[in-house]
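The structure under discussion appears below in the form of structure tokens.
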Ligand code: INS
């Protein structure tokens, strides 16, 4: 299965208490890693010369293909964790926008911007490249200006018709006139708390499994990618349970070295109810 992830891969400075760590990040990065277990993965992104060559090589060693729009600088964020699930986010620098769409077709395309790098025209062009277009809301509603991240209200007509759309519950008020039935599946997660999922407008509540986490970077990105992949081949509720379990295992280990048996065992503990 050929999957394309679109969005900036990022230089993340992760601060927890007195510790600070510089790492690769970005929605497209975490979504790509989750899918690399199952699919042929390509990332369409933009980075500058300041982006560590080693990180790009590591992605290529994992079999992930990179299609890079060159840029003066790379997108960089400071993520300051107050506890495992609470953080502040500061945009330090931003790479180029992504406006060119490859000619090929893909079995799945996931748009996961982090700094408003995907304009609505690019979203429209991707609708022509795949029958399965998914997206994360996060980077569509962030002001692309350096400093503490501010969210902006946006009209959402360009997101209509998507297969899967993921947002944080707190991001929903920024999506002007979005009706759950505008997309096939809307996932509204709320960290470790119960989340809402809508299938063609019909609401479900899901309860993620509880895991102890030091930080939750990439949780939404992994959840979106895992759900999209599972939803391609299994029913909605099963895909939702598996995606929750998959994300829980990732958060617990901060790696993807678990098996589908582990996922299915944990998925049995995820509760999903019609509301
Ligand atoms: C992280 C991660 C998050 C995103 C941040 C990014 O690496 O991808 O999902 O919100 O902006 O720096």
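Bear in mind these aren't lab numbers, they're just calculated from the coordinates by the rules spelled out. None of the values given here were measured: they were computed from a predicted structure. Cβ atoms come from the backbone with ideal geometry, glycine included; neighbour counts cover every protein chain shown.
Relative contact order for the stretch 1-82: 39 percent, from Cα pairs under 8 Å spaced at least 6 residues apart, divided by residue count. Its relative contact order, with pairs defined as Cα atoms under 8 Å and 6+ residues apart, puts the stretch 2-45 at 52 percent. Oblate is the label for the stretch 144-235, because the ratio a/c of its alpha-carbon gyration tensor axes (a ≥ b ≥ c) is 1.5 or higher and a/b is not greater than b/c. The ranking of 83, 40 by Cβ neighbour count inside 10 Å, starting from the fewest, reads 83, 40.
In terms of its alpha-carbon gyration tensor, the stretch 126-180 comes out prolate; a/c meets the 1.5 threshold, and the first ratio a/b outweighs b/c. With all distinct Cα pairs included, what does the Kirkwood hydrodynamic radius of the stretch 92-220 come out to in Å, to one decimal, could you say? After inverting the pairwise mean of 1/r, the radius is 15.7 Å. In terms of surrounding Cβ atoms within a 10 Å radius of their Cβ, 224, 35 rank from fewest to most as 35, 224.
Under a Gaussian network description of the chain, with springs only between Cα atoms under 10 Å, the residue in 262, 136, 168 that fluctuates furthest is 262. Label zone (residue 271, point 7 Å along Cα-to-C-beta; backbone nitrogen cut-off 18 Å) within the stretch 199-234: 203-211. Mean residue ellipticity at 222 nm, helices only, the chain: -7500 deg cm²/dmol; runs of at least 4 DSSP H residues each add -39,500 (n - 2.57), and the sum is divided by the number of residues. For the chain, the square roots a ≥ b ≥ c of the C-alpha gyration tensor eigenvalues yield an a/c under 1.5, which makes the shape rounded. Direction-averaged projected area, Cα convex hull, the stretch 13-94: 5.9 nm², rounded to one decimal. When each of 268, 1 is scored by the number of other beta-carbon atoms lying within 10 Å, the sequence from fewest to most is 268, 1.
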